[in-house]
Amino acid sequence: MPRHQYESFPYVSPKEAGTSQRVETPVLIVGAGPVGLAAAVDLALQGIKSIVVDDNNVVSIGSRAICWAKRTLEIFDRLGIADRMVAKGVTWKVGRLFHGEREVYNFDLLPEAGHKMPAFINLQQYYVEQYLVERCADFPDLIELRWKNRVAGISQTTHAATVSLETPDGPYRIDAQYVLACDGAKSAIRQMMGLDFEGRVFEERFLICDIEMEADFPSERWFWFEPPFHAGESALLHKQPDSIYRIDLQLGPDADPEEERKPERVIPRIKAMIGDRKFEIDWTSVYTFHCRRLERFVHDRVIFAGDSAHVVSPFGARGGNGGIQDVDNLCWKLAQVLGGKAGSALLESYNAERVHGADENIMNSSRTTSFMTPRSAFERSLRRSVLELARDHVFARRLVNSGRLSAPCSYLACGYVGDDDTALPSGSAPGRPAVDAPHGNGWLLNHLGGTFKQMTFQKSSPEIGTRYLNGQSSATYLFRPDQHVQARWVGEATPQQVAAAIRCAGVSP
């Protein structure tokens with residue numbers, strides 16, 4: 001029996017069901033996973049109404065995405081649920097890498113002084129969804145959740161998109177100025193529009209399993225190449241809340257997914273890994289690596305975000321984190337368009353910046369997969385040599401790839417940022433997310449978001465100075481509504497400079 005008690009959300013019959021009446025809404029969000037729900041909250045914070053539809057009425061079954069990175073936690077903090085996530089989640093900072101029985105090396109993601117959020121927490125996706133559903137309830141006039149509403153068709157005109165829905169009480173239609181397709185890797189919207197992913201599918205299969213057990217394992221990430229308990233393959237162990245442990249086991253390209261999910265196949269593998277400990281299986285799945293994306297994320301009135309737009313392997317925690325960063329980039333722009341402060345061309349910057357972000361994630365994920373799944377005896381021998389060297393030589397550790405952990409990308413190369421004075425620190429350059437720091441009685445990032453914000457920092461504030469001044473006596477920064485740096489200047493900036501930088505972002509000042 002699953003450890004988590006899944007509670008159903010109430011289905012409410014739409015008054016339009018079975019009639020010719022249509023619903024009108026500024027934004028229709030398809031999919032009530034973390035990405036769709038986060039988008040609804042983000043839009044609501046900016047005064048934009050949305051309807052969220054989902055063909056189910058429970059949170060995701062199984063822990064699924066579990067590893068949430070600092071930048072994603074900062075976004076969730078802006079949306080109002082990060083404190084709950086950190087309180088419930090398992091904060092980890094140490095990762096250990098093994099080859100066979102021996103530890104090759106370990107790394108420590110030491111807490112960075114002057115940051116509100118930790119580097120990573122582990123928290124099951126169903127908790128994140130539950131917190132977001134409850135957060136949506138804080139906006140009764142701006143967010144409507146419609147459960148058991150299945151998308152049956154979609155069409156577009158120059159002014160709106162029309163979505164046909166099926167419910168237990170009959171069909172109806174919604175006319176939306178924009179539709180956000182957040183309906184996952186098997187997106188019905190994507191299929192209905194005849195769109196397909198481009199990229200690579202890796203043949204290797206992996207077993208993913210959540211087990212409940214009482215153990216004294218520390219809150220660390222353990223990864224094995226060729227472990228003694230799973231010869232020739234790889235394995236991963238992560239701790240989650242509620243005494244749940246995530247286990248990933250490489251199975252090989254010829255594994256039968258249906259057979260490998262059976263308890264009589266799973267239980268011996270788990271026992272070989274954890275030894276003589278009592279445990280219960282909470283959830284299992286078998287998957288293959290996909291590193292693919294849509295060619296474009298913006299298709300007129302339909303915009304794709306999260307797994308409906310791009311998919312990567314789970315190693316490195318780039319899937320869920322990348323999807324939330326899509327929302328962070330998109331929603332302020334959509335609010336500007338719907339509010340009449342920018343034309344629809346602003347959405348092209350979402351396409352450019354998040355395609356760039358997806359490509360970066362796909363590149364890292366593909367490299368991870370290639371290292372984890374050598375295609376020949378020579379490649380496997382080369383990997384063993386790298387792992388041997390990595391025990392004693394730091395340079396070789398950079399060649400070991402068991403999942404480059406999720407990190408926010410810079411949008412500088414996408415061409416939508418303003419002025420940059422390179423005398424200022426590289427870590428706070430335009431296109432990069434703002435670096436947190438103590439500010440007043442709180443945190444800098446809690447003063448940013450939702451609107452463009454101009455701030456001048458002085459060297460008299462040492463916490464800010466080390467991150468934003470690089471020895472200069474003062475500097476002016478312009479931050480985007482998603483907390484990314486739009487432009488920066490040594491000293492004071494003129495109103496004309498600030499206005500020009502906002503126009504570079506595609507918005508009328």
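The values are calculated or read from the model by the stated rules, or taken from the named source; none is laboratory data. Model, not experiment: these values are computed from the prediction. Heads up, the Cβs are rebuilt from the backbone with ideal geometry, glycines too, and the neighbour counts pull from every protein chain shown. The accessibility values were calculated without ligands, DNA or RNA, using every heavy atom of the protein model including side chains. Shrake-Rupley method; radii C 1.70, N 1.55, O 1.52, S 1.80 Å.
Quick look at the numbers
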| quantity | calculated |
| --- | --- |
| At R0 = 22 Å, FRET efficiency that the Cβ-Cβ distance of Glu203 and Glu379 yields, to 0.05 | 0.95 |
| Carbon and sulfur %, accessible surface of the range 247-286 computed with the full protein complex present, 1.4 Å | 45 |
| Amide H within-cut-off set for Arg432, under 5 Å, with H built and near neighbours excluded | Tyr411, Val485 |
| Rg over Rh [alpha-carbon atoms, Kirkwood Rh] for the range 133-262 | 1.11 |
| Among (i) 61.6, 214; (ii) 61.9, 167; (iii) 23.6, 71, the entry that matches Rg and Dmax of the Cα atoms in Å as calculated here | (iii) |
| Axial C-alpha extent at least 15 Å, average Kyte-Doolittle at least -1.0 - helices from the chain (DSSP) | 34-45, 125-136, 263-274, 319-338, 347-372, 377-390 |
| Under 18 Å from the Cα of Lys15 - aspartates and glutamates, other chains or at least 8 residues apart | Glu24, Asp54, Asp55, Asp141, Glu144, Glu166, Asp169, Asp175 |
| The range 394-473 - Rg and Dmax from Cα coordinates, angstrom | 15.7, 44 |
| Environment charge of Cys409, counting only residues whose C-beta is closer than 11 Å and scoring Lys/Arg +1, Asp/Glu -1 | +1 |
| Cα-derived Rg over Rh, computed across the range 235-352 with Rh taken as Kirkwood radius | 1.15 |
| Cα-centre dipole for the range 356-422 with unit charges at Cβ (Lys and Arg positive, Asp and Glu negative), debye to 20 | 720 |
| Per residue accessible area of the chain, 1.4 Å probe, in Å² | 42 |
| Structure-based [θ]222 nm, the chain - -39500 (n - 2.57) summed over DSSP H runs of at least 4, per residue, nearest 500 | -8500 deg cm²/dmol |
| Spin-label model distance (nm) - Glu166 vs Gln5, 7 Å beyond Cα toward Cβ | 3.3 |
| Computed FRET value (nearest 0.05) for Ala152 with Ala87, which takes r as the C-beta separation and R₀ as 30 Å | 0.15 |
| Members of Lys239/Lys278; Lys148/Lys239; Lys93/Lys262 lying beyond 26 Å, as alpha-carbon distances in this model show | Lys148/Lys239; Lys93/Lys262 |
| Rounded percent of accessible protein surface that carbon and sulfur make up, the range 299-416, 1.4 Å probe | 53 |
| Integer Hz, Karplus 6.51/-1.76/1.60 couplings in order for the range 304-315, x for Gly and Pro | 9, 8, x, 5, 5, 9, 7, 9, 9, 5, x, 6 |
| Chain lengthening between Ala500 and Leu412 when straightened (0.36 nm per residue, less Cα-Cα) | 30.0 nm |
| Label point at Ser344 placed 7 Å out along Cα→Cβ; residues across the range 35-79 whose backbone nitrogen lies under 19 Å | 49 |
| Packing-based order for 258-268, 61-71, using average beta carbon neighbours within 10 Å, highest first | 61-71, 258-268 |
| Prolate/oblate/rounded label for the range 365-509 (Cα gyration tensor, a/c 1.5) | prolate |
| Sorted peptide list for 415-421, 353-359, 191-197, criterion being average Cβ within 10 angstrom, highest first | 353-359, 415-421, 191-197 |
| Selection from Gly316, Ile211, Phe139, by position along the positive dipole direction of the chain (Cβ) | Gly316 |
| Listed peptides 43-53, 474-484 by packing density, highest first (mean Cβ within 10 Å) | 474-484, 43-53 |
